[in-house]
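Notes follow the structure.
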Amino acid sequence: MPKPSSLRGRWRNVAFFLIALLVLVADQLSKHWIRSYPEGQSVFQVGFFQIVRINANSGAAFGLFQGQRPILTVISLLAVVVILTYVLWLYTRFPLPYGFLSKVALGLILGGTVGNLTDRLNPGLEGVTDFIRIGWWPVFNVADSAVTIGGILLAGCLLFLARAERGASSRNG
């Protein structure tokens, strides 16, 4: 019979992959939907929140690195490899605190990265499809949101780890 901690680790991996898959599907479906509208058309607007079809983003977040599709594709592929390597092989040796929360964070980051990578690898698209506008903030998409939320969660887990290690070293030193 498997150990309870082994089962818990497997369920965390299932949650990781399920979250990544859900983000990828939601991202691709929403992008497919918005591409059915003509460029420049506002589909929905309430106050400073708007869903609008814009030109494809050939760069990265905030419009940085425009026209650098090959480099951004390689960086995205490397990020996917690093995340999968960590989750599948290194996590047991170097676990993050809040095991489930850290797997959720990594799942969000992986799903969002693969979502935007899918756009970059699609020869029929000129870049990543962004369509959510909130006030003055740069236009973004579901994948961008997932990467951002996942990054914030992961940063919180790492801050907790750093704080715990600092507390342990001050008690032992």
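No value in this document is a laboratory result; all are computed from the given coordinates. Source: prediction; values computed, not measured. Because the Cβ atoms are built from the backbone with ideal geometry, glycine has one as well, and the counts that use them run over all protein chains shown.
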Reported set for the stretch 67-79 where residues are out of contact with any helix residue (DSSP H, G or I) (no Cβ under 6 Å at 6 or more places or on another chain) and of a type in the set (Val, Ile, Thr) is Ile71, Val74, Ile75
For Arg53, are the conditions met, namely being surrounded by fewer than 18 Cβ atoms within 10 Å (Cβ to Cβ), closer than 14 Å to Asn141 by Cβ and in contact (Cβ under 8 Å) with a residue 60 or more places away in the chain? no
Within the stretch 111-144, the residues that are in a helix (DSSP H, G or I) and either farther than 22 Å from Gly67 by Cα or touching a Phe, Trp or Tyr at 6+ places or on another chain (Cβ under 7 Å) (or both) are Gly111
